[in-house]
Number of protein chains: 2
Amino acid sequence: MRNVSVRISDGRIEEIGALHPIPKDDVIDCQHRLLIPGLVNTHTHLAMTLFRGYADDLELRDWLEKKIWPLEKKLSGKMCHDGALLASLEMTRTGTTCLADMYFHMEDVAKAVDRSGLRGFLSYGIIDPRDESGREHERNNTLALLKHIASMNSPRIKFMVGPHAPYTCGEEILLWSRELAEKEDALIHIHIAETRGEQVSFEKDKKQRVVDYLDKIGFLYDGVLAAHSVWLTKSEVTLLGKRGVRVAHCPVSNMKLAGGGVAPLPEMWESGVSVGLGTDGPASNNSLDMFDTMKICALIHKSYRWDPTIANAQRVFDMATIDGAKCLDMEKEIGSVEVGKRADLALLNLKDPNLIPIHAKETVVSDLVYSANGSNVDTTIVDGKALMLHRKPTLLDPETIAESVSRSVSQLISS
Amino acid sequence: MRNVSVRISDGRIEEIGALHPIPKDDVIDCQHRLLIPGLVNTHTHLAMTLFRGYADDLELRDWLEKKIWPLEKKLSGKMCHDGALLASLEMTRTGTTCLADMYFHMEDVAKAVDRSGLRGFLSYGIIDPRDESGREHERNNTLALLKHIASMNSPRIKFMVGPHAPYTCGEEILLWSRELAEKEDALIHIHIAETRGEQVSFEKDKKQRVVDYLDKIGFLYDGVLAAHSVWLTKSEVTLLGKRGVRVAHCPVSNMKLAGGGVAPLPEMWESGVSVGLGTDGPASNNSLDMFDTMKICALIHKSYRWDPTIANAQRVFDMATIDGAKCLDMEKEIGSVEVGKRADLALLNLKDPNLIPIHAKETVVSDLVYSANGSNVDTTIVDGKALMLHRKPTLLDPETIAESVSRSVSQLISS
C-alpha cells in the first residue's frame, strides 16, 4: 500500500489507512520510507559478539575446541551483558525486533535485552556433564533464569528451556527439559543435526538417527524449536512435520562452518514445518544483519538445487517475519503489519541508492531480499516505541557499549 | 599498521608513516577508521540498475527472453547514462573504486563513469547477428566507443573490446575482437561458461567444449578477462591458466540465476589463473556492494566443498583488490595501499557496531569479509580525490540521480 499512515496505541497497531494526526499523537515522518514488520531472528548467541572475527576459516572441531570453548570458560556475567548489549545495538540498527537466544550467564543477557527494548526469547544452554551433581548445576541455572525472567515482569522477555543438543545432553536432561517446558508453558530451544560429522557419530553411538531417537524418547512435540536441522533424511523431516517441531534455519553459519550439506528447506515446507531464519552467533556468521541472512538463504537454495525459482523472495521474507513469529508462537502478536498486532516494525529509507528504482508494489519484496541491507533501516520500533529513530538509537549509547566491550574483550583475551 | 598517516600527492600515495601535515595538505581525519585499497569490481553491467528487482526468481531463459531482452531493446543512451550514474553512486557509497563494465550505449555510460570520478574499463557488448551488415553495425559501435574514450582523454576511463560470449558471437567477430584488442593494447571482456545449459548446447553444436574451441581458433591469450567461467572441466581450467586468461568470478549472480554448479575456484588458483570478483549487473544480484560479494564468495565455496578453510578471508579480500587489479593489468597502479601506487582507497568506520570488536591486526581481514558491509565505508577516494567524504558524495547528487532514474524507468516500462 502507498501513502498510508499507521496509528499505534498502547504498543499495538490501532489503525492503518489515510489518517490525520490528533493532538496526542507523536508522529514519525514516513515519507519515502517503506514500512515492514520487524525481523525475527530465531537463533543466535548474542554475547558471542565478543568473539566476532576472533577465529575464522577453521575446521569446526578446531574452532570449537581450540578457540571458542577455552574462551567461553572465562566468560563472566558482566562480559556477556556487554556482548549482548552490542548485539542488541547491531540488531536494532538492522531492523530486527525479536530474537531467540541461547547462551550462558543468561540473567545478565536478559538485563541487556530488556534494556535494549528488543523482544527476546532467552534460554540457558544446558551442557550435560553426564554426572548427577553437574546435571543439578545445569538444572539450577535453568531454573534461576526462569525465576529471574519472572521477576523482571517484562512483557518483552520470555523464557525458553535450552538443552544444547542431543549429542551434548543425555536422555534424562532432555526429558526434564520437556517436562519443564510443558509445565511453564515455555518453548524448547535446541540444536539438531548441525553437521554431518555430528550425525555420523551420533548414529554410531545410538544405533539410530537423531530425530528417530528424540521421537522415541518422547521429546518431540510442537513446543520444540530446532536450530539448524541440516543433516536429516526425508523421513526425519516428515517426522518433524508430524510432531509440529519448528526449525530455525541458519544458512550463513552452516555455509561458513561447512559441516556438510544444505538444510532440506523445500522438504521441510512440504512436510508443514514452520521454518524461521536465524543468524546464529556472531562468531559463526559474523554479522547479525537479517537482510544478509535473507539474501544468502535465497541464494544457497537456488544454487544447491539448480533452480532459481526456489526460496523466492516472498517465501524468504516470510521466514524472516511471520514464519519466525510462528516458530515462537507469536504469530498472533507480531510478524506482520496488521491492526491489533503489536507494533514491532521497521522503516527503510527508499532514498538509499540500492533501493532505487522500485518497479511495482509486487516487486518490493525482491528489493528487500536481494538488494536491501540493514543499513537501509531508518527506524526500528518495538511495542510502539522507537528503539532507533532516523538512524539514532534512543535507548542504547554506542560509545559506552564500545568502551565496555573493549574492556571485556581485553580481560577475556589476556586472562 | 595502526596510527599511521598517508600522504597523497598528484593522485598517488607519496608516503606512509607517522606524518605531520604541512600547510598545503588537505587533511581527512582517519581516527577510528580503517584504510583499505578501493575495491575492484571486475564484471558488471552498470545501467542494469534500471532493471533492479524488476524480474527475480525466474528461470534464466524466461528471465532473459521474456523480461530483460524486451526492455533492453527500448533502452536509450540517456537511460543508460542515468542507470550508470545510479550504479556509480552505489559503488562510491560501498567502497568500489574501479569497475569493468559491458553494455550498450557505452558512450553515455562512459560520460556517467567519468563524471562519478570512478575508474572504469568499458566495453560495448557485441551480439553477433550472424549477417554481415549486422556485424558491421556491431564493429562500428565498438570502434565508436574506442574513439569516444580516446577523445575523453581521461586517465581513469579505459576501453575494452566486448564480444558478449562464444555462443552469441561467431568466429569472425571473436577474431576481429582479438585483433582489435592487440592493436589497441586493450583487454577483451567476454562471458564464458556461465551456465550448464549454455555449455551443453554449445558442445552439441560445435562438438567441442568452449575453452577448447576458443583456444583452437586462437582467441585465448593473456588479454582475455572471462566473466563467470563456471561450467568448465579441469582440463579447460588448466588451459585458461596456461594461456594467461583472467577470470571475473561472480558468485552472487551465479547462485541467483542458478545455472548449475559452482565455479572451480580452487582449481583456477592451482592453475595460476588470476581471479577477480564481480557483482555482475544489478538485475542478477541485485546489489553492487562488493562486501556482499566477498562474503558470499567465501561462503559458497566452503559450503560446496564441505571445507571451512577454503576461500579464506585473505584470499577473498585479495580477489576484491589486488587480484582484481591483476585482471585489469593494473596491479602496478592500484589494488593495495603502497607508496607509488594511485590513491584509490576506502576508509571504513570502526565505530560501527558490526565492526566491534577488532581482536588483532591479523583478524581485521576477517571482519572485512564476514562482518562488514558497504555502509561501513565512510570515505571513498580515487586518484587522491574523495568521491565520498564522511558518507557525503562530493561529485554526484543523489536527489537528481533518483529523479532522472525514475523518469527513465517510467519511460522504459510504459513505452
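Residue check: is B:Gly374 within 8 Å of chain A (Cβ to nearest Cβ) and within 30 Å of B:Arg246 (Cβ to Cβ)?
yes
Does region A:1-26 hold any residues that are in a loop (DSSP other than H, G, I, E, B) and either modelled with pLDDT of 95 or more or among the small types (Gly, Ala, Ser) (or both), and which are they?
If the condition is that a residue be in a loop (DSSP other than H, G, I, E, B) and either modelled with pLDDT of 95 or more or among the small types (Gly, Ala, Ser) (or both), then A:Asp10, A:Gly11, A:Ala18 are the ones that fit.
Does B:Leu412 satisfy being modelled with pLDDT of 95 or more and among the aliphatic types (A, V, I, L, M)?
no
Just to be sure I understand, how many residues within region B:378-415 are touching a strand residue (DSSP E or B) at 6+ places or on another chain (Cβ under 9 Å), under 17 Å from B:Met91 (Cβ atoms) and in a loop (DSSP other than H, G, I, E, B)?
Qualifying residue count for the region: 5.
Against the definition (part of a loop (DSSP other than H, G, I, E, B) and modelled with pLDDT of 95 or more), how does A:Phe202 come out, yes or no?
No.
A:Tyr370 fails exactly one of the following numbered conditions: (1) in a helix (DSSP H, G or I); (2) out of contact with any Lys or Arg (no Cβ under 9 Å at 6 or more places or on another chain); (3) at pLDDT 95 or above. What is the number of that condition?
The one condition A:Tyr370 does not meet is (2).
Of everything in region B:306-317, what is facing chain A (nearest Cβ under 7 Å) and either surrounded by fewer than 20 Cβ atoms within 10 Å (Cβ to Cβ) or of a type outside the set (A, V, I, L, M) (or both)? Give them in sequence order.
Once the filter is applied, which keeps residues that are facing chain A (nearest Cβ under 7 Å) and either surrounded by fewer than 20 Cβ atoms within 10 Å (Cβ to Cβ) or of a type outside the set (A, V, I, L, M) (or both), region B:306-317 yields B:Trp306, B:Asp307, B:Pro308, B:Thr309, B:Asn312.
So A:Arg156 clears everything in (1) in contact (Cβ under 8 Å) with a residue 60 or more places away in the chain; (2) within 30 Å of B:Ile296 (Cβ to Cβ) except one condition, right? Which one?
(2)
Taking region B:268-301, which residues are facing chain A (nearest Cβ under 7 Å) and surrounded by fewer than 22 Cβ atoms within 10 Å (Cβ to Cβ)?
Listed by number, the list is empty, since nothing qualifies.
Restricted to region A:183-197, and to residues that are within 19 Å of A:Met102 (Cβ to Cβ) and out of contact with any Pro (no Cβ under 9 Å at 6 or more places or on another chain), which residue is surrounded by the fewest Cβ atoms within 10 Å (Cβ to Cβ)?
Step one: list which residues in region A:183-197 are within 19 Å of A:Met102 (Cβ to Cβ), which gives A:184-195.
Still in the running and out of contact with any Pro (no Cβ under 9 Å at 6 or more places or on another chain): A:184-187, A:194-195.
On the way: A:Glu184: 14, A:Asp185: 9, A:Ala186: 21, A:Leu187: 23, A:Glu194: 25, A:Thr195: 21.
Ranking the qualifying residues of region A:183-197, first place goes to A:Asp185.
Need the failing condition index for A:Lys341 against (1) of a type outside the set (Phe, Trp, Tyr); (2) away from chain B (no Cβ under 14 Å); (3) on the phi > 0 side of the Ramachandran plot, just the number.
Of the numbered conditions (1) of a type outside the set (Phe, Trp, Tyr); (2) away from chain B (no Cβ under 14 Å); (3) on the phi > 0 side of the Ramachandran plot, the odd one out for A:Lys341 is (3).
Tell me yes or no: at least one residue of region A:208-223 is within 14 Å of chain B (Cβ to nearest Cβ) and assigned to a helix (DSSP H, G or I).
Checking region A:208-223: not a single residue is within 14 Å of chain B (Cβ to nearest Cβ) and assigned to a helix (DSSP H, G or I).
Mind checking which residues of region B:344-367 are assigned to a helix (DSSP H, G or I), more than 7 Å from chain A (Cβ to nearest Cβ) and more than 22 Å from the chain's Cα centre (by Cα)?
Residues satisfying the conditions are B:Leu355, B:Lys361, B:Glu362, B:Val364.
Considering only residues that are β-branched (Val, Ile, Thr), surrounded by 13 or more Cβ atoms within 10 Å (Cβ to Cβ) and more than 22 Å from B:Arg156 (Cα to Cα), which ones fall in region B:5-39?
B:Ile16, B:Ile28
Could you go through region A:131-152 and let me know if any residue there is within 28 Å of A:Gly260 (Cβ to Cβ) and polar (S, T, N, Q).
No, there is no match, as no residue in region A:131-152 is within 28 Å of A:Gly260 (Cβ to Cβ) and polar (S, T, N, Q).
Does region A:369-389 contain any residue that is farther than 30 Å from A:Tyr221 by Cα and over 24 Å from the mean Cα position of the chain (by Cα)?
no
Residues that are more than 30 Å from B:Ile322 (Cα to Cα), away from chain A (no Cβ under 14 Å), of a type in the set (Gly, Ala, Ser) and touching a helix residue (DSSP H, G or I) at 6+ places or on another chain (Cβ under 9 Å): does region B:112-124 have at least one?
The answer is no; no qualifying residue exists.
Within the bounds of region B:284-300, is there any residue that is out of contact with any Lys or Arg (no Cβ under 8 Å at 6 or more places or on another chain), more than 25 Å from B:Phe51 (Cα to Cα), touching a residue at least 24 places away in the same chain (Cβ under 8 Å) and assigned to a helix (DSSP H, G or I)?
Among the residues of region B:284-300, at least one is out of contact with any Lys or Arg (no Cβ under 8 Å at 6 or more places or on another chain), more than 25 Å from B:Phe51 (Cα to Cα), touching a residue at least 24 places away in the same chain (Cβ under 8 Å) and assigned to a helix (DSSP H, G or I), which makes the answer yes.
A:Glu270 fails exactly one of the following numbered conditions: (1) over 27 Å from A:Arg156 (Cα atoms); (2) in contact (Cβ under 8 Å) with a residue 60 or more places away in the chain. What is the number of that condition?
Failed condition: (2).
Identify, from the list B:Thr42, B:Thr49, the residue that is at pLDDT 95 or above, buried (at least 24 other Cβ atoms within 10 Å of the Cβ), on the phi < 0 side of the Ramachandran plot and not in a helix (DSSP H, G or I).
After applying the criteria, what remains is B:Thr42.
The values are calculated or read from the model by the stated rules, or taken from the named source; none is laboratory data. Since this is a predicted model, take the numbers as computed values, not measurements. Note that we place each Cβ from the backbone using ideal geometry, even for glycine, and neighbour counts take in every protein chain shown.
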